[in-house]
Structure formats: C-alpha cells, structure tokens
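The values are calculated or read from the model by the stated rules, or taken from the named source; none is laboratory data. As the structure is a computational prediction, the values presented were derived from the model and not from experiment. Reconstructed Cβ throughout: ideal geometry from the backbone, glycine too, with neighbour counts over all protein chains shown.
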C-alpha cells in the first residue's frame, strides 16, 4: 500500500486546488451548492492526475532509472509492475468517470482535454522543446477553466492570463531544476533537457514572472473586478503575489529546488505563511468580512 500511495503522488494533489480559483473569485465560496460542485471537480482532477502520473511513470521508467531521485519511484525501481500500474490507473479513471456524472458536459469536455494533453505529453510532447513546458502549463489553465465551467460562472480574462503566466513560470522553473540536477546525464534522464540551457531558461522565467505580476496587478484594478467586488482594495494582495514569485525563484536558483513544486509549497515556511496571508486577505476583501 505504501508503494501505491507513493505511485499516485497524493502530495501533488495540491496542484488541483487551482479548480477553486473561480468559486473564490465569483464570490460563491460560502454557497454550499457551488462549493460542493467545486469539491467534486477537485476530487475528479485528483483521480485523473494520479492516473496520469502512473501512466507517465510507465513511459519514463527507463529514463527514471538513471535519475538520482526518480530511480526510487515504484515502477522505475520495480516495486510495482507495469501491469499492476495499469490496473491502478484504470481504477482511478473509473472513480473519476463515476464522479463526472454529477458534473455538466462543459466540465467533462475540459476534463477529457486534460487527459488528451497529458497522454500526448507522456508519449511525445515531453520530448519537444518548449511544447513540453506549454503542455505542463496547459494543465493548470485547464483546471481553472474547468473550475469555472463546473459552477457555470465567467472568469476574468486577466485572471486567465495570470494563470497562464504562473503555470508557465512553474513549468520553466521545474525544467531549470531538472537541468541542474541532471548535469552531464541530461540525455539519459530527460532527452529534451539537451535543448535547454540555464541562461535560456532564466530568461523565460523572468518573462513569465513579469507576466504573472503585471497580469495580476491589472486584474485587481480592472473595471470589471472593481465593479464585481465593489472595492479597489484587492490591489493590496499584489505584494503577496510578488513575494511568492521572488521567494520561489530564490529557492530554485539559490537552493536548487523547484523540481517538485509541491515540496516547496508544503515545506518552505515563508511560502506557506505567504499563501495563508494572501488567501485570508483575498477572502476578507472579496467577501467584505471586515
């Protein structure tokens, strides 16, 4: 059981919290019906993402055996066979499909697109420079869009742009960490790393980071945002976003972290406190709790 839990990567489920963004910013967080739909979407994406991790590990087993950390993954180490791994993936897909009957067709469509992109990523896209990064980023954007569709609400274009740049930023920083860890073993751990360089990745990271900050700042002061929330105070959450981006870059560049986004979010005290303060401030402002 321990190896199965390791295989489905439950800590990575933190990425699926992106589906809650629409319910928060549509001011429906405390509406039971909307919240229940968002929770259902969250659970579905947890099952789907875990299934895709299993499938991706099956495709990457040989390369993972040459990686200093990934070689200990259940399939790469041989503790779980490909047949058992496929069975686990099928069960997870079945759970997701079963829950999907409680969602609308628009959500089902984007869940299917999420699966399609991830399957293509595992088979081909992860080996193509730049498309590998955009494929990873697409997963985050789909989560946000699906989160809006499942509760049938519109989402700000600026918020979508913010999500796009944030997801690109995380994907680029992930590649940077992989490139650093791989060193001279780039070709044996992940072939696409041969197409990247630290300098190139750092330039992309800078552009993506700037995109996150600018898009979010413009979202907080856009006419639509001010009208919907009836306040201009959301701009005061921007420093938390800027700090989060800078802190993440600091941990990746100075401490060689970033290959595991979840690890940073769950173990770095400064990042945890920043996320908590940002969340509390946002909810207080959006829902006028004071």
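Looking at this structure, is residue 116 surrounded by fewer than 17 Cβ atoms within 10 Å (Cβ to Cβ) and farther than 30 Å from residue 242 by Cβ? Spell out how you get there, then give the answer.
On the way: surrounded by fewer than 17 Cβ atoms within 10 Å (Cβ to Cβ): yes; farther than 30 Å from residue 242 by Cβ: yes.
Spelling it out, residue 116 is indeed surrounded by fewer than 17 Cβ atoms within 10 Å (Cβ to Cβ) and farther than 30 Å from residue 242 by Cβ.
Of the numbered conditions (1) within 26 Å of residue 163 (Cα to Cα); (2) in contact (Cβ under 8 Å) with a residue 40 or more places away in the chain, residue 32 satisfies every one except a single condition; which is it?
The failed condition is (2).
Given the structure, is residue 151 touching a helix residue (DSSP H, G or I) at 6+ places or on another chain (Cβ under 6 Å), under 21 Å from residue 28 (Cα atoms) and either outside the structural domain of residue 203 (by TED's automatic domain parsing) or crowded, with 18+ Cβ neighbours inside 10 Å (or both)? Even if it seems obvious, please write down each step before you answer.
On the way: touching a helix residue (DSSP H, G or I) at 6+ places or on another chain (Cβ under 6 Å): yes; under 21 Å from residue 28 (Cα atoms): yes; either outside the structural domain of residue 203 (by TED's automatic domain parsing) or crowded, with 18+ Cβ neighbours inside 10 Å (or both): yes.
Judged against the criteria, residue 151 is a match.
So which helices (runs of 4 or more DSSP H) are wholly in the stretch 1-87 and hold at least 3 residues that are surrounded by 20 or more Cβ atoms within 10 Å (Cβ to Cβ) and assigned by TED's automatic domain parsing to the domain that holds residue 123? Explain how you work it out, then say what you get.
Values: elements: 2-8, 21-25, 32-64, 74-77.
In the stretch 1-87, 21-25, 32-64, 74-77 are the helices (runs of 4 or more DSSP H) which contain 3 or more residues that are surrounded by 20 or more Cβ atoms within 10 Å (Cβ to Cβ) and assigned by TED's automatic domain parsing to the domain that holds residue 123.
Residue-by-condition table, conditions (1) outside the structural domain of residue 17 (by TED's automatic domain parsing); (2) under 16 Å from the mean Cα position of the chain (by Cα); (3) surrounded by fewer than 14 Cβ atoms within 10 Å (Cβ to Cβ); (4) more than 24 Å from residue 106 (Cβ to Cβ):
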| site | (1), (2), (3), (4) |
| --- | --- |
| 124 | no, no, yes, yes |
| 128 | no, no, no, yes |
| 138 | no, yes, no, no |
| 141 | no, yes, no, no |
| 144 | no, yes, no, no |
| 160 | yes, yes, no, no |
| 173 | yes, yes, no, yes |
| 197 | yes, no, yes, yes |
| 200 | yes, no, no, yes |
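Of 82, 72, 16, which residue is touching a helix residue (DSSP H, G or I) at 6+ places or on another chain (Cβ under 8 Å) and farther than 16 Å from residue 145 by Cα?
Numbers: 72 fails: touching a helix residue (DSSP H, G or I) at 6+ places or on another chain (Cβ under 8 Å); 16 fails: farther than 16 Å from residue 145 by Cα.
After ruling out the rest, the residue left standing is 82.
Mind telling me which of the residues 289, 277, 251 ends up being surrounded by 13 or more Cβ atoms within 10 Å (Cβ to Cβ) and either at pLDDT 95 or above or outside any helix (DSSP H, G or I) (or both)? Spell out the reasoning first.
Values: 289 fails: surrounded by 13 or more Cβ atoms within 10 Å (Cβ to Cβ); 251 fails: either at pLDDT 95 or above or outside any helix (DSSP H, G or I) (or both).
None of the other options fit; the residue is 277.
Hey, among 213, 207, which residue is surrounded by fewer than 15 Cβ atoms within 10 Å (Cβ to Cβ), under 22 Å from the mean Cα position of the chain (by Cα) and modelled with pLDDT of 95 or more?
Numbers: 213 fails: surrounded by fewer than 15 Cβ atoms within 10 Å (Cβ to Cβ).
After ruling out the rest, the residue left standing is 207.
Sort out which residues of the stretch 264-274 are in a helix (DSSP H, G or I), in contact with a helix residue (DSSP H, G or I) (Cβ under 8 Å, 6 or more places away or on another chain) and closer than 13 Å to residue 247 by Cα, and write them in order of number.
Going residue by residue through the stretch 264-274, those that are in a helix (DSSP H, G or I) are 264-267, 269-274.
Still in the list and also in contact with a helix residue (DSSP H, G or I) (Cβ under 8 Å, 6 or more places away or on another chain): 264-266, 270-272, 274.
Once the filter is applied, which keeps residues that are in a helix (DSSP H, G or I), in contact with a helix residue (DSSP H, G or I) (Cβ under 8 Å, 6 or more places away or on another chain) and closer than 13 Å to residue 247 by Cα, the stretch 264-274 yields 264, 265, 270, 271, 272, 274.
Which condition does residue 103 not pass, out of (1) at pLDDT 95 or above; (2) assigned to a helix (DSSP H, G or I), if it passes all the others?
(2)
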